[in-house]
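Below you'll find the structure, written out as C-alpha cells, and then a few comments.
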Amino acid sequence: MVVLYIILSWIGAVVIHECGHCIVAWLLKINIARLGLFGFVIDHQKKFRFEGIALGSFVVFRNAEPTVLNLGILYAGGAVANVLVVMLLPLKAGLGVETFTLMNGVIAAVTLLPLNNLATDGSMLLNLVMNPEETVLHYTVSYFLTNEYTEKFDALLPQVLSILDGPLGKVQESHIIIYLSYLNYVCALKKGRLENDQKQLVNKVFNAVLSDKKMKSRYLSDYMIGEVITQRLINSED
C-alpha cells in the first residue's frame, strides 16, 4: 500500500507541477507549444500522441516577447504550485495525504536544483540570473526560428553576433546550437547581402565553435554540418 501511495503521489505531484507552469502561462497570455506527461504529448494544434517511454514531464512555451520577469515566473510556476499544495493540505490527514504532501515538497525541491546536465527549472532560473540578456535573446531567437518570418528576425543579427563574439564558455551549448541555426538561416536569407564586417564575424564565430575543445554536446557536431553551407553562402556572390 505504501508503494502505491508513493507512485500515485509522484504522478499527482508531477501533474500539479506542470499545471502550475500552464496556469502561469495562461495568466501571462503566453501560448503553450507542447505539453508532455510520462511520454504522452499534446501540441498547440491539440494533436495527441505517444512519444516513447518517459518518466518525466515538460512544457514548451511559445513566448513571443520573453523578458526576465515573465521567464522567471514561468520557470518558478511549477514549484510554486507544489509548495501551495504543501501549505494547504492538513498536516495529519492519513498516510495517503501525507505521502502526497511530502512528494509535492520533494518535486518542488528537486526541480529547483540547478543541475548542469539537466534542464531543470532551477538551472534555467540560475542561468536567467547569471546571464539575463543572453537568456532572453535565446528565447527570442528560438521563437522566431519556429514561427512566421518577420523583420524582427533579421534585427536580432547584431545581438547574436555580439553574444557569440564573447567567451563561449558563458553560453550554454544548447543556446549556441540555436544561435548557429539562426546564423545559417539568416545567411541563407541574406545571401550576398551581408556587410563585410558581419561576414567576417560570422566566420569568426563558426571557427571559434569548431575549435573549442570544451564543446561536448552530442548535438553540436550535427549542427556544425551547416557551417560548410553557411561559409559558402556568405562568401558567394549573386
Filter the trypsin sites (Lys or Arg not before Pro) in the range 9-107 down to the DSSP loop ones having no more than 13 other Cβ atoms within 10 Å, then list what survives. LYS29, LYS46, LYS47, LYS92
Protection proxy (average C-beta count within 10 Å per residue), highest first, orders 76-83, 121-128 as 76-83, 121-128
Give the shape of the range 1-123 as rounded, prolate or oblate, defined through the alpha-carbon gyration tensor: a ≥ b ≥ c are the square roots of its eigenvalues, a/c under 1.5 means rounded, and otherwise the shape is prolate if a/b is larger than b/c and oblate if not. prolate
Over 22 Å between C-alpha atoms is what I'm after, so list which of LYS152/LYS199; LYS152/LYS190; LYS47/LYS152 land there. LYS47/LYS152
If each residue of separation counts as 0.36 nm, what is the full-extension length gain between ILE6 and LEU145 once their alpha-carbon separation is subtracted? 46.0 nm
Highest mean first, what order results for 197-206, 176-185 on Cβ atoms within 10 Å? 176-185, 197-206
Ranking PHE48, PHE58 by Cβ neighbours within 10 Å, fewest first, what do you get? PHE48, PHE58
Rounded FRET efficiency, nearest 0.05, which uses the C-beta distance separating ASP43 from VAL80 and R0 of 25 Å: 0.50
Any chance you could run the full-extension gain for LEU91 through LEU113? It's 0.36 nm times the residue separation minus the Cα-Cα distance, nm to one decimal. 5.4 nm
Of the GluC sites (Glu not before Pro) in the range 104-200, which ones lie in a loop per DSSP and count no more than 10 other C-beta atoms within 10 Å? GLU148, GLU195
With 10 angstrom as the radius, rank MET87, MET1 by how many other C-beta atoms surround their C-beta, starting from the fewest. MET1, MET87
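Just so you know, all these numbers are worked out from the coordinates, no wet-lab data involved. Model, not experiment: these values are computed from the prediction. Note: ideal-geometry Cβ built from the backbone for every residue, glycine included; neighbour counts use all protein chains shown.
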